[in-house]
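*Asks:* Before I ask anything, let me first share the structure, which is written out below as structure tokens.
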Amino acid sequence: MRILPIASGKGGVGKSLIAANLSVAFAQAGKRVILADLDLGASNLHLIIGCRSPQTGIGTFLSDTRSDFSRVIMDTDIPNLRFIPGDAEIPGSANLKQNQITALAKRLLSVDADILVIDLGAGSHQSILDFFLLSGRGIVVSTPTVTATLNAYLFLKNTVFRLMYSSFSRGSPAHIYLEGLRKEGTALQKLYIPKLLEHISRIDPESHGKFLKRMQYFHPRLILNMLDEPKQAEVALKIRRSCSEYLGLDLEHLGVIYRDSLQDIALASHLPILLYKNEAILSQAIYRIADKILQSEEDEVFLEGRSIEESFQEAELEAEVDFEARMGYVEDLLHCGALSMGDLVETVKSQQLEINQLRKENLFLKSKLTKAITQGFKI
Ligand SMILES: Nc1ncnc2c1ncn2[C@@H]1O[C@H](COP(=O)(O)OP(=O)(O)OP(=O)(O)O)[C@@H](O)[C@H]1O
Ligand SMILES: [Mg+2]
């Protein structure tokens, strides 16, 4: 079974919308899918997939972790898709105890499905990190705003720390060192990871080796949501660069999604956008991402440096193509005289400029990457 946790640092970036619609796309592709709402305390996925208010959910299970977990898995009207509701009543996931996290993780890992999609809450609480780390290829969603991208990066930094902590056994020099820093009041999040790892490799090579081994299987993926124009797609490169330089993480780009006003109507109709209007730009972007995920699951291999680079180029191209489609309505405006030819020429000129700038940055990064790879740079 494939596990696909969907997280973000910042709230409201589109995690639930993406989790719900990707699940529908996988189900339509013939996969047996279970969608789990783990945004405890703020569960709302049932509204997006159009299920009536659930009677039981994760909260029911957590109140007695020895109870039958299958009771909380419900059928939906969508063939191949089942749903595990969260719980809006119980306090948020921040309040979960470690034994509850472990019990829930164990049950989730043993459900009978081809794909388990997990919608997580915002933030970097330990339970969220642990559920995200149930897979090495979880998805981080961000929008192009500074706060959302910064929070996405900080979320990934926290996952790396969590991996570090769980790789070091209690009593090992590396664990004692990290604990010491914590007791001194050093905020771990403020530490510079490459330097910290260099020190750990000196004082405790065994733990350092264990951590590196776990990192080999950790390849999170990015979705950039709510774009308004292609230029905003550039921030993905910034997240990627920070992750590579400061966290030793090679982030893959699954693609961009534009803001689509049809989503509000779909939501009001209690339908996932894929069922409301499957030719909407938002739906098409989700199908494209779902295809990439299914393809990568089939290939089973993690993308190497070159393909990672291609994933960013592809997303950049898609940002341009989708923008063109989105601008299709310009033609209508021209016909009815709301837009003059002069306006149009100006718009095309400025867009061309943006595209050229993106190309230049892309070429620059490509040459840097080729150089790094030929010099034997490997994460
Ligand atoms: N591409 C998009 N186009 C239009 N509306 C969108 C898009 N993505 C998300 N939205 C809308 O933005 C709002 C927030 O989305 P959503 O609830 O999926 O975010 P979230 O990350 O799950 O939030 P939370 O952190 O609160 O769980 C919703 O009203 C959703 O319909
Ligand atoms: Mg949500």
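*Asks:* What residue, of Ile223, Ile257, Ile281, is farther than 19 Å from Ser8 by Cβ and of a type outside the set (Ser, Thr, Tyr)? Even if it seems obvious, please write down each step before you answer.
*Replies:* Values: Ile223 fails: farther than 19 Å from Ser8 by Cβ; Ile257 fails: farther than 19 Å from Ser8 by Cβ.
Only one candidate qualifies: Ile281.
*Asks:* Quick check on segment 187-207: of everything there that is in contact (Cβ under 8 Å) with a residue 24 or more places away in the chain and more than 27 Å from the chain's Cα centre (by Cα), which residue is nearest to Leu150 (Cα to Cα)?
*Replies:* Filtering segment 187-207 for residues that are in contact (Cβ under 8 Å) with a residue 24 or more places away in the chain and more than 27 Å from the chain's Cα centre (by Cα), the one nearest to Leu150 (Cα to Cα) comes out as Ile200.
*Asks:* Would it be correct to say that Ser269 is under 22 Å from Leu81 (Cα atoms) and surrounded by fewer than 19 Cβ atoms within 10 Å (Cβ to Cβ)?
*Replies:* Criteria met by Ser269.
*Asks:* Follow-up. Given the criterion within 16 Å of ligand 1 (Cβ to nearest atom), assigned by TED's automatic domain parsing to the domain that holds Leu154 and hydrophobic (A, V, I, L, M, F, W, C), identify the matching residue among Val24, Val33.
*Replies:* Val24 is the lone residue from the list that is within 16 Å of ligand 1 (Cβ to nearest atom), assigned by TED's automatic domain parsing to the domain that holds Leu154 and hydrophobic (A, V, I, L, M, F, W, C).
*Asks:* Can you tell me which residue within segment 134-148, out of those that are of a type in the set (S, T, N, Q) and more than 13 Å from the chain's Cα centre (by Cα), is surrounded by the most Cβ atoms within 10 Å (Cβ to Cβ)?
*Replies:* Step by step, filter segment 134-148, then rank; the result is Thr145.
*Asks:* Looking only at segment 238-291, count how many residues are within 15 Å of the chain's Cα centre (by Cα), part of a helix (DSSP H, G or I) and away from ligand 1 (no atom under 16 Å from the Cβ).
*Replies:* Residues that pass the stated criteria total 3.
*Asks:* Pick out the one residue from Ala36, Ala42 that is touching a Gly at 6+ places or on another chain (Cβ under 9 Å), modelled with pLDDT of 90 or more, within 16 Å of ligand 2 (Cβ to nearest atom) and not in a helix (DSSP H, G or I).
*Replies:* Ala36
*Asks:* Let me ask you something else. Which one of the conditions (1) buried (at least 20 other Cβ atoms within 10 Å of the Cβ); (2) of a type outside the set (A, V, I, L, M, F, W, C); (3) out of contact with any Pro (no Cβ under 8 Å at 6 or more places or on another chain); (4) in a helix (DSSP H, G or I) does Asn225 fail to meet, given that it meets all the rest?
*Replies:* (4)
*Asks:* Additional query: Since Leu188 meets every condition but one in (1) in contact with a helix residue (DSSP H, G or I) (Cβ under 8 Å, 6 or more places away or on another chain); (2) hydrophobic (A, V, I, L, M, F, W, C); (3) modelled with pLDDT under 95; (4) under 16 Å from Ser244 (Cβ atoms), which condition does it not meet?
*Replies:* (4)
*Asks:* Would you be able to say whether some residue in segment 280-290 is more than 25 Å from Lys157 (Cβ to Cβ), at pLDDT 95 or above, out of contact with any Pro (no Cβ under 7 Å at 6 or more places or on another chain) and of a type in the set (Lys, Arg)?
*Replies:* Scanning segment 280-290 turns up at least one residue that is more than 25 Å from Lys157 (Cβ to Cβ), at pLDDT 95 or above, out of contact with any Pro (no Cβ under 7 Å at 6 or more places or on another chain) and of a type in the set (Lys, Arg).
*Asks:* I'd like to know if segment 250-261 contains one or more residues that are modelled with pLDDT of 95 or more, of a type outside the set (Gly, Ala, Ser) and farther than 28 Å from Val348 by Cβ.
*Replies:* Checked segment 250-261: at least one residue is modelled with pLDDT of 95 or more, of a type outside the set (Gly, Ala, Ser) and farther than 28 Å from Val348 by Cβ.
*Asks:* Across segment 223-235, what is the total count of residues that are away from ligand 1 (no atom under 15 Å from the Cβ) and under 16 Å from the mean Cα position of the chain (by Cα)?
*Replies:* Qualifying residue count for the region: 1.
*Asks:* Is it true that some residue in segment 125-133 is within 26 Å of the chain's Cα centre (by Cα), outside any helix (DSSP H, G or I) and within 14 Å of ligand 1 (Cβ to nearest atom)?
*Replies:* For segment 125-133, residues within 26 Å of the chain's Cα centre (by Cα), outside any helix (DSSP H, G or I) and within 14 Å of ligand 1 (Cβ to nearest atom): present.
*Asks:* In addition: Please state which of the following conditions Ser311 fails to meet, knowing it meets all the rest: (1) over 19 Å from Ser8 (Cα atoms); (2) out of contact with any His (no Cβ under 8 Å at 6 or more places or on another chain); (3) of a type in the set (S, T, N, Q).
*Replies:* The one condition Ser311 does not meet is (2).
The values are calculated or read from the model by the stated rules, or taken from the named source; none is laboratory data. This is a predicted model, so every value here is computed, not measured. Please note: Cβ atoms are built from the backbone with ideal geometry, for glycine as well, and neighbour counts cover all protein chains shown.
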